Structures are given as C-alpha cells and as structure tokens.
1. Please label the shape of the protein assembly as shown as rounded, prolate or oblate, based on the square roots a ≥ b ≥ c of the eigenvalues of the alpha-carbon gyration tensor (a/c under 1.5 means rounded; beyond that, a/b larger than b/c means prolate, else oblate).
2. Once the Cα atoms of helix A:348-358 and of chain A are each reduced to a long axis, what angle between those two axes, in degrees from 0 to 90 to the nearest 10, is obtained?
3. What is the distance in Å between the Cα centres of region A:156-207 and region B:227-268?
4. Taking GluC sites (Glu not before Pro) as candidate sites, keep only those in a DSSP loop with at most 14 other Cβ atoms within 10 Å, then name the longest stretch of chain B containing none of them.
5. In what order, largest first, do A:Asp340, A:Asp380, A:Asp360 sit by accessible area if the probe radius is 1.4 Å?
6. Among A:Ile178, B:Met120, A:Gln95, flag the residue with its Cα farthest along the positive direction of the charge dipole of the protein assembly as shown, charges on Cβ as +1 for Lys/Arg and -1 for Asp/Glu.
7. When Cβ neighbours within 10 Å are restricted to other protein chains, what is their mean count per residue of peptide A:234-246?
8. So what does A:His106 come to for accessible area, using a 1.4 Å probe and Å² rounded to 10?
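The values are calculated or read from the model by the stated rules, or taken from the named source; none is laboratory data. This is a predicted model, so every value here is computed, not measured. Cβ placement follows ideal geometry from the backbone for every residue including glycine, while neighbour counts extend to all protein chains displayed. The area values use the complete protein model at the heavy-atom level, side chains included, leaving out ligands, DNA and RNA. Shrake-Rupley method; radii C 1.70, N 1.55, O 1.52, S 1.80 Å.
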Amino acid sequence: MRLLLPGLTALLLVSTAQAQDLTAEVAHSWTSGGEAAAVKVIVDAFTARGGKWVDWSVAGFESANAAYISRLLAGDPPTAKTAVAGPEVTELIAQGLMNDVDAAFHAAVPAGVVPQVVLNAITVDGKVYMAPTGMHAGNWMFYSKPVFEKAGIAEAPKTWDEFFAAMDKIKAAGLTPIAWGGQSWQEGIVFHGVVLSTIGDAAFTKLYTDKDLSVIDTPEFTKAVETFGKLRDYVDPGAPGRNWNDATAMVIKDEAGVQLLSDFIKGEFSTAGEVAGTDYGCALVPGSDSLITLADAFSFPKTGNADEDAAQALLAEVVLDPKVQAEFSVIKGSVPIRTDIDTSGFDVCAQEAIGLVKADKIVLDAAMTLSPAINGGFKDAVGAYFADPSMSVESFIEQYKAAFANG
Amino acid sequence: MVDQPAARIPASSPARTRATGRLRLPVAALAALTPAWLIILLVYLGTTIWTVQLSLTNSRMLPSSEFVGLAQYERLFGTARWTISIQNLLTFGVVYVVGALVVGFLLAVAVDRHVRFESMWRTVFLYPYALSFIVTGLMWQWLMNPEIGIQATMRAAGWTWFTFDWTTKSSMAIYAVALAGIWQSAGLVMVLMLAGLRGIDADLWRATRIEGIPLWRTYISIVLPQLGPSIATAFMLLTMGAVRTFDLVVALTNGGPGQSTEVPAKFIMDSLFARQDLGLATAGATVMLATVMAVTIPILYARDIWARRRAGTI
C-alpha cells in the first residue's frame, strides 16, 4: 500500500496540472451498508486524483435505471452510471449515446490481465466502452459447518449424487437441507448453476452467448432440469417467497445446511460475524469447476462537455487501478476483473474464485449476454417450474425456450 | 353561479358585446378552467395516446418510432405469464369484488341496527382502508406465513391439526391475496352502503314492521334494491382497484409461488422497468385501459340513466 502512494501523488499532480473541472455526477444503486463502503473506495481514490464526485444514488436497480433512462432521453445524462456489463449498456452504445473509454482503459490495464470473455463483453467495434469494477459469481454453494458436522458430512459434496446423499443426511438429522429463497430471480440463478454443472462450459456458452437453441434439446439439458426439480424435495414449507437474506439467516443460525446463490450473500455472513472457512464453507455448485460471472461496470454517456469527458477518463482510470480493484472487491465481496493484483486481503471463497479467473475457468452469466427481457422470461419459466411439481419437464423446456423470442 | 358575471360583461360593455358577438362566452370561467383542461389534455390524454402509440412500435429499452402493427399484442398474448396473469386477475377480481360487497353490506347492516358505540365500529371497520396496500400486504404476509403466522400460533397453542398456508400453495395463493384485499376494502363499501341505508325512508321501515315482514327479508327484497346507486359506485371502485392491483401482490406474494398470483399490472411494471421492454409493457397497459373502460363506461351510463329517471327527465 505504501509503495503505491508515490504513484498516487504523481497522478494527483498530473491531474491538477490539467486545471480542469473534473466533476463527475455518478449514478449508482450501491446504497446498502457494504456496497456503500465499497463505493467509498472509488470516491476517495477519485477525489485524491483531483476529481469531484457528485453522488446520484437511487436505491434499487429498477428505479435507478428508470430515472437514468429518462435523463438520458432528455439529453441531461449523469457523467457515469453503474450497470451490468451487458445488453443494457450495449443497446445504448448502438444508439450512439455513449462515450468510449478505450484510451483510458488501455493506459490503465496492461494487455492480458483482464479475462478475454470479459474484455469481449465491454468492447464494441474494437473500442472499450466500460470500466468494470468487479465480478460476482452466481454458482456458489454456501454451507453451515456445524450442520454438516451434526449430520456427519465430512466435506462439501462434489457431485450431484453426493449432494443429494448429503441432503438426505441433513434431513435425517431433523434440519432443513436447503435454505431456499423462493423468488424467481433467486431460482433462476440456482437453475443456471445446475445447468452449467450438467452441460459443461462449452455448451453453456453456446446457449447463453451464441443463442444456439439446439443445446436445449440435448439430453444433458433435460438432465439439468430434472436435477433442479429434485431440489424441491429438500426445501421447507416456508420457502415460497422467501427473501435471500432470510434464507442466509437460516444457514447462519445453523437451522439449514446449504444455500445455493451468488457470492454477494457473503456480506450477510460477515455482518453476522461469521468467518468463511471457519463458521461456514463455500464450494462451487456440485459438478462444476467454472464460475458463472457477472461483471458490474461504469458506463459513460455522451454529455457533449469536454470537462466531463476528462472526468469520465479519470473515473475509468481510478476504477481500473489495481489497488482500487482489490480494495473495492474485498469490501463488496466480488472478484476483481484484473488478474495481476494483490489477493492477500481476500477470504478463502474469493481466493478460490480468483484462482478460477486466473485459470480462465469462467463463463458469462446470461445477464451479460442476453437482454433483460429474455432473462425475465427465464425467471418466469424457472419460477413456475419450481413452484409446481406437476409441471412436466417438456412444458418447462418449451416455456424456457420461448423466452428467447423476447429478443 | 359562474355564468352570472360572464353574462353581465357583454351587457355592461357595448364594445365587448360587438367583439364577442352573440356567443356570450363565460370568459372568466373558461380562463379559470384552462389550466385544469390543459393538464387533462396534455398529461392524461397525451400520455395515454403516447402509450397506445408506443405499443404499436418495436420499442425496447428506448422509445422507437418504427411501426410494427399489432406485433407487440401478438407477443403479449403469446406470453404464458400474461395469460396466467389475466386468469389470476379474473379469479381475484370476482372473489375480491363480491367478497368486499358482501362483507361491506353485512357490516353496514350490522352498524345500521343502531348498535352501541356505532361511530367507534365505523372507524374500526373503515380503518384498514386508511392503510396502504403495501402495509396490508406485508401484514398479511406475516400472518399467513406458515412458520411465523397464524398457523404457527395455533399449532403452538395445541391445535396441531390447524393449517393456514395459502400463500405457499400455488392453488390457494390468489385467494390469500383476495382475502387481504377484502379486509382492506370492506370498510369503504360499508361506508358507501351505510350512506345509502340512511337515505331510506323511515316510513318504509314502519310499514315492514306493521306487515310483520322478517328483517332479513326486508333487507334482501326491499332495502337492497334501493341501494342500487351505492352498489354501483362500490362495484366500480372495487373493479377499478382490482384491475390496477399491483402493490398488494408485490408486498404479499410478489407474484408467487411460481406465477400463481401474477397480475397484469405487475407484468406491465416488470416489463417496463426490470425488463426494459417498452413495447410489450405499453401493449399490456393499453389492454388494461380498454378493460377498465369496458367496465366503467356502462356503469357510468347506467348511473346517469338512474339519476335522470329519478329527476323525472325520462
């Protein structure tokens, strides 16, 4: 950390020498405790380099997006906006509403340290348009160590057969096997985890990135749907409608064995004073050895103001700084997009994830490759299927496939 | 009342009489009403027209002007969730409207029997209406949660056979939403009915007593038919509320389990904001507008006829 200070000071001098008004109005919806603390890392670094941060935070992604789109259409966009690095930004790029940050990106990031799939996702027509803050992985399994001990499970199950055997043991011990958040968006995340573990990386990318629907007709996909359906036998009656954090609380209180969800739930464990690897364990969804990643990024609307363009470049540079990347992700519970950073501050779960990113064992989440409308259709189908055990695999697959028609 | 000053202006000023001719426009009144009319025309009508227009384009995240005919409507009715939402709305609408009318009427009759502490009861029954649907939804979500709500309480008290888990059962969840809705709206119906009941001629009551007609028969055959306008008003308010139902579902079940409590308004909001699918959302909104108009216009027309018949103009 000390070593970086001279560098920071140098940059500070450079930016102040420009004598520009580097005010950036930044739209984001990172307002909860841990998220806000993570944003502060960026704000401090941005301010230290001569920028002036004006916060335009709106709680909740949906309301934030609605307010942002209205301002964009009215020709008065903020300087930067956080978004999932995917169609919600690329559609605006296609409309010619966004600035690229290609120069700033390449100045800040040496070639080869950002995974190629992520680089592809933020590049349009050969130019980088987004500055990713970090990635979240959706196919995690968090488990309560005391519950596993009590049920006599030695280690985290590695295959689905082992998983169901372990869940049976937890059931026999009189506890709830899976802490299930019965809302379709959570079920959608779990379903994609099951799909990746069953059909493999190549087929997953073929389906969700290249939109090759033939993958859905393979027996492996059917197998994934069946495995997912089997999870119904291991949830408690209170699961429908349950919030993700209420489900996490069940694992924290050692009332339930596992929760399958994204790594953002780690914040809930740390708030409760639990330590990864000691009180709770983490492992990928059984049968998988890759991460399903979802990158968050800053995107930069065209403002028609040269000062704001400079502020955008500075913000991109700050966000991509290795030190900021590491500090931000440690607090937010995400994984940095750069592979050349100091990983000592991360917990065991993040260490494992960083290892996978370095080994290029990552696939892109459907939210990064397909429109929100298609992803919404997925959630509808998955939610309906999980709630209704009498729904046949065929009719689920038909409905799931129909989601792709949402464009 | 408003006509008077306007009518006097031309008389007192010959120049103006010539200028405005024989039209005798109520200038002051019109001037006063202009802002209101502008708001109605621009804000309400304008956005309505814009919504309908957007539903005929291929708009996604941003409004587009590329006309695609009825393609969005085709897509809408080809979406499983929309058709399920409509079925749910029908079930919910019938149970909610009939339920609120019946409960509201019974409450009104009970209060109308000159019970003690009448005004207290009136306040108690009307009170839920003062709550927002979000509060009602959240409260009933807790009450109906099988692990912390009524079921858990009853079982803890020894009635282990007791089951009340509607919100977690796909087949019953929509009735759970209707129950919460009735709890909230019955008070409003009661007040409307009570006003109608108080308008009934006291002689009528005396006559039925002398004739020895049983009380229930009096209410069903004599009182109820006279409550026509009150019932129509309550029916219209409830139906419009039912079609718009959004916050209650969001707070109570969020559309689940599965899609068993999804409603059209929620579909529209989701498409509009979370799914950035403007075209589909506006198509759904247009269908809902048409539905509301199909229900309210005949009722408003019928009420107009009633009123005129009473006034003796027909």
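1. Oblate, since a/c reaches 1.5 and b/c is not below a/b.
2. 70
3. Taking the Cα centre of each part, region A:156-207 and region B:227-268 sit 36 Å apart.
4. Details: sites that count: B:Glu66, B:Glu147.
Excluding the exposed sites themselves, the longest stretch runs over B:148-314.
5. Ranked list, largest accessible area first: A:Asp360, A:Asp340, A:Asp380.
6. B:Met120
7. 4
8. Using a 1.4 Å probe on the heavy atoms, I get roughly 100 Å².
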